[in-house]
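Chemist: Could you have a look at this structure, given as structure tokens, before my questions?
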Amino acid sequence: MSNSLFSNEQVPLELLKQRAFNFRWAETEKEIIPLTAADPDFAVATEIRDAISNYAQSGVYSYGPHQGLPQFKQTLSDAFALRKDYRIDPQNILPIDSAASGMYSIARAILSPGDEAIIFDPVDFLFEQSVSAAGAKVVRCPYDKATGEFRLDLLPNLVSEKTKLIGVCNPHNPLGRLISRNELETIAHFANENDLWIMNDEIWSDIVFPEKPFQSFHHLPPELTKNVITVYGFSKAFGLAGLRVGAVIAPNNEVYQKIVDAAYVMTTAGGVSTLSQIAAICALEKCWYWVDEFKNHLTRLRDYAVERLNQFPGVTCSVPEATYLLFPNIEATGLDAEAVVEKLLENKVAVVPGNERFFGPGAKGHIRICFATSFEILAAGLDRMEQAFKEIDNNSKSGAE
């Protein structure tokens, strides 16, 4: 059975129904199981709660340093060295109010109206939104379902004199795949040859399953990574989405200063709450045991869910290498993603449609399922999904007769 930290009893359902927004428990009808936004259903580690409480009880909530607490920067640099074998100068780390905000700041720092940025298709909608908010145009590099790889061979055709940035999501949302070292090297060489910046989203880099190690741009030779700007966050692994805390890691001080300017932190219009930084420091110093147990729990749920989904009529699902997301193909049902999601809602389970709004045109024919919950809740959700897909299959067969 799963570790007691992640048992069904550890899901604070009544609190989730009050506090878990973004298409989750607080925004769905009470009998619906939401396997939607990528956010854990579990309360955060006790040490984080204690750190927040102790700081809060001291009663002083003054302005913090414009560019974040030095302890945050040093602690994150140390954690990167220990957990990921990165060598990051703490002076080039900017604490920021969420990884999403970090992406917008990078796009503002690098892009001007009329510029272009290459992103992969499918990918999380924040890549397109951050580029568009900077006034630039998105150019998509497609994914080949047959080979399970992005068409990096097409990159030379996608670049123009207007291209300034390439966005990389590693581990990848929604595909749940790890970008290989060979792919990273190809992208890095391409960026260097074309004088492009790389926006490297590593918010999922702590949720990697045991079969395959995580490879990062930060594992490549320094000459290949001089244009890499990395985004990191605390929502996926530690469950701190509501605290809105992340970091941008710049390759040098010059780029760091550009990000500082773009993030508005020197004006007090930007920046991350000191309380959130205290929580993040505690997470990095004391709560990796929680993340490791969470991954053990998620591995079990992943294997169970993939096996079940592949038995549903019209559904095929590959095994994710990272993230707690599944991205099953539902094309064989004969319905589009929105119709499938609607049918699932009728059966009291909510998932995310693989459509252009959330992930780009390359997500067509898929749905996305978050499984960061208890075994019992996931099993109940899959039971409802199974019933829905059987009904879709029966309707299809009766319609064909």
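Throughout, read-outs are computed from the coordinates displayed, never taken from laboratory work. Note that this is a predicted model, so its numbers are computed, not measured. Cβ sites come from the backbone with ideal geometry, for glycine too, and all protein chains shown count toward neighbours.
Chemist: Most exposed first by the Cβ proxy, i.e. fewest other Cβ within 10 Å, how do V138, V315 rank?
Modeler: Working: V138 17, V315 22.
With the fewest neighbours first, V138, V315 line up as V138, V315.
Chemist: Right, another one. Note down the nm distance, to one decimal, between modelled labels 7 Å out along Cα→Cβ at E342 and at Q129.
Modeler: Each label point lies 7 Å from its Cα, and together they span 2.5 nm.
Chemist: Looking only at R151, R140, R244, which one moves most when the chain is put into a Gaussian network model with springs between Cα atoms under 10 Å?
Modeler: R151
Chemist: I'd like the distance separating the alpha-carbon centroids of segment 4-74 and segment 117-185, in whole Å.
Modeler: If we compute the Cα centre of each part, the gap is 31 Å.
Chemist: In nm, to one decimal, how far is the modelled label at S273 from the one at H189, with both set 7 Å along Cα→Cβ?
Modeler: Once both label points are built, they end up 4.7 nm from each other.
Chemist: Please compute the alpha carbon radius of gyration of segment 263-316, then divide it by the globular-protein estimate 2.2 N^0.38 Å. Two decimals is fine.
Modeler: Scaled against compact globular proteins, the figure is 1.97.
Chemist: DSSP loop GluC sites (Glu not before Pro) in segment 1-67 with at most 12 other Cβ atoms within 10 Å of their Cβ, which ones?
Modeler: For GluC sites (Glu not before Pro) across segment 1-67 that sit outside H, G, I, E and B with at most 12 neighbouring Cβ atoms in 10 Å, the list reads E29, E31.
Chemist: Taking only Cα atoms and a 10 Å spring cutoff, compute GNM fluctuations for the chain and point out the largest among L298, L126, L15.
Modeler: Among L298, L126, L15, the largest GNM mean-square fluctuation belongs to L15.
Chemist: Kindly put I229, I377 in sequence by how many other C-beta atoms sit within 10 Å of each C-beta, fewest to most.
Modeler: I377, I229
Chemist: Let me ask something else. Report Rg(Cα)/(2.2 N^0.38 Å) for the chain, keeping two decimals.
Modeler: Working: Rg = 21.2 Å, N = 401, 2.2 N^0.38 = 21.5 Å.
Ratio of Cα Rg to 2.2 N^0.38 Å: 0.99.
Chemist: Continuing with this model, one more query. Contour minus end-to-end for H219 and T316, with contour as 0.36 nm per residue of separation and end-to-end as the Cα-Cα distance? Could you put the intermediate results ahead of the total?
Modeler: Numbers: separation 97, 0.36 × 97 = 34.92 nm, distance 3.34 nm.
Contour length minus Cα-Cα distance gives 31.6 nm.
Chemist: Tell me the net charge near L301. Cut-off is 12 Å between Cβ atoms, L301 excluded, with +1 for each Lys or Arg and -1 for each Asp or Glu.
Modeler: Values: positive: K295, R300, R302, R308; negative: D41, D303, E307, E376.
Local net charge: 0.
Chemist: Give me the distance in nm between label points sitting 7 Å out from Cα along the Cα-to-Cβ direction at Y264 and A56, one decimal.
Modeler: 2.6
Chemist: Next question, about the same structure. Which values, in whole Å and largest first, are the semi-axes of the equivalent ellipsoid of segment 54-154 obtained as the square root of 5 times each eigenvalue of the Cα gyration tensor?
Modeler: 34, 19, 13
Chemist: Oh, and also: What is the order of H218, H172, H189, fewest Cβ neighbours within 10 Å to most?
Modeler: Ordered by Cβ neighbours within 10 Å, fewest first: H189, H218, H172.
Chemist: Where does the charge balance sit around S7 when Lys and Arg score +1, Asp and Glu -1, over other residues with C-beta under 13 Å from its C-beta?
Modeler: Net local charge, S7 excluded: -3.
Chemist: Further question: Find out how many positive minus negative residues lie around K30, taking Lys and Arg as positive, Asp and Glu as negative, among other residues whose Cβ is under 14 Å from that of K30.
Modeler: Details: positive: K17, R24, K348; negative: E14, E27, E29, E31.
Within the 14 Å Cβ shell, the charges total -1.
Chemist: Just check segment 29-91 against the gyration tensor rule for me: Cα atoms, a ≥ b ≥ c as the square roots of the eigenvalues, rounded for a/c under 1.5, and otherwise prolate or oblate depending on whether a/b exceeds b/c.
Modeler: On the way: a/c = 2.43, a/b = 1.37, b/c = 1.77.
Oblate, because a/c is 1.5 or more while a/b does not exceed b/c.
Chemist: Express in nm, to one decimal, how much length is gained between K226 and A81 on full extension, taking 0.36 nm for each residue of separation and deducting their alpha carbon distance.
Modeler: So the extension gain works out to 50.4 nm.
Chemist: With an 8 Å Cα cut-off and a minimum separation of 6 or more residues, compute the relative contact order for the chain in percent.
Modeler: Working: 755 pairs, mean separation 91.5, N = 401.
Relative contact order comes out at 23 percent.
Chemist: Could you work out the helix-only [θ] at 222 nm for the chain, with each DSSP H run of four or more residues adding -39,500 (n - 2.57) and the total divided by the number of residues, to the nearest 500 deg cm²/dmol?
Modeler: The helix-only estimate for the chain comes to -12000 deg cm²/dmol at 222 nm.
Chemist: P(r) for segment 63-286: what percent of alpha-carbon pairs falls in each 10 Å bin, starting at zero?
Modeler: All Cα pairs considered, the percentages come to 8, 36, 38, 16, 2, 0.
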